Amino acid sequence: ETKLPLVTEFAKKTDWVLVGGLLPTCSKFKIQSSKFKNIIWGELNKEGLDIDEKSIKKFKDIIKTAGTIVWNGPMGKFEEKKWEEGTRKVAEAIAQSSAFKVVGGGDTIAALNRFNLFSKIDFVSLGGGAMLEYLAKGNLPGIQAIVNSKL
């Protein structure tokens with residue numbers, strides 16, 4: 001739910017925002033994101049631990065058309081083989097894309113490593129949330145404090 005404002009900021013600036021994992025299950029998210037036709041949320045499988053096949057296909061089709069991809073966060077509980085398919089297939093689609101690929105966040109990096117795709121990414125940030133905030137808003141409080149300091 002804390003990423004909701006960032007999702008809507010990205011929706012104002014990008015062609016598509018694909019949202020997997022648990023965020024799409026939040027009713028507040030569905031209400032606010034319904035204002036944007038370019039936010040696509042993945043539906044969870046019946047167990048609620050991965051996105052479903054229809055969502056995987058939809059995400060892969062959109063990824064194929066991208067010029068730039070920013071990815072933060074797995075599609076489900078990829079750490080367990082039983083629930084890795086959504087994250088793995090989305091990661092593979094991103095890795096195979098000719099787009100410029102930016103990835104952030106520890107879980108996303110762990111997924112790339114698990115599927116041996118880390119080397120296919122153009123830029124990696126350990127701070128996924130900070131990366132998204134910077135890209136969405138153009139600044140971070142810590143950076144602004146340094147800029148404003150009298151060093």
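Values quoted throughout were computed directly from the atomic coordinates according to the rules given, and no laboratory measurement underlies them. Small disclaimer: the values here were computed from a predicted structure and weren't measured. As a convention, Cβ positions derive from the backbone with ideal geometry for all residues, glycine included, and neighbour counts pool all protein chains shown.
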* Structure fact -> What the 10 Å binned alpha carbon P(r) of the range 62-147 shows, as percent of pairs per bin from 0, is 18, 46, 26, 9, 1
* To do: Bin all alpha-carbon pair distances of the range 4-148 at 10 Å intervals from 0 and give each bin's fraction as a whole percent.
  => 12, 41, 37, 9, 1, 0
* Structure fact -> Residues whose built amide H sits under 5 Å from the amide H of residue 17, excluding neighbours closer than 5 in sequence, are 39, 40
* Based on DSSP H runs of at least 4 residues, each adding -39500 (n - 2.57), what is the mean residue ellipticity at 222 nm of the chain after dividing by all its residues, to the nearest 500 deg cm²/dmol? -> -13000 deg cm²/dmol
* To do: Starting at the first residue of the range 57-73, write each ³J(HN,Hα) from the Karplus equation 6.51 cos²θ - 1.76 cosθ + 1.60 with θ = phi - 60°, in whole Hz, x for Gly and Pro.
  => 4, 4, 4, 4, 4, 6, 4, 4, 8, 6, x, 9, 10, 10, 10, 9, x
* Using a Förster distance of 25 angstrom, determine the FRET efficiency expected from the C-beta separation of residue 134 and residue 92, and round it to 0.05. => 0.40
* Structure fact -> Applied in sequence order to the range 8-13, the curve 6.51 cos²θ - 1.76 cosθ + 1.60 (Karplus, θ = phi - 60°) yields integer Hz couplings, x standing for Gly and Pro, of 5, 5, 4, 4, 6, 10
* Peptides 90-102, 67-79, 112-124: what's the order by average Cβ count within 10 Å, highest mean first? -> 67-79, 90-102, 112-124
* What is the set of long-range amide H partners of residue 71 at a cut-off below 5 Å, with H atoms built 1.01 Å from backbone N? -> 102, 103, 104
* If you place +1 on the Cβ of every Lys and Arg and -1 on the Cβ of every Asp and Glu, how big does the dipole about the Cα centre of the chain come out, in debye to the nearest 20? -> 360
* How many nm separate the modelled label positions at residue 99 and residue 81, each set 7 Å beyond the Cα in the direction of the Cβ? -> 3.1
* Past 27 Å, Cα to Cα, is the threshold; run 46/137; 60/82; 54/81; 37/137 against it and keep the listed order. => 46/137
* Asked: Mind listing the phi-derived Karplus ³J(HN,Hα) values for the range 137-151, rounded to whole Hz, using 6.51, -1.76 and 1.60 with θ = phi - 60°, and x for any glycine or proline?
  -> 10, x, 6, 9, x, x, 5, 4, 4, 5, 4, 7, 6, 9, 6
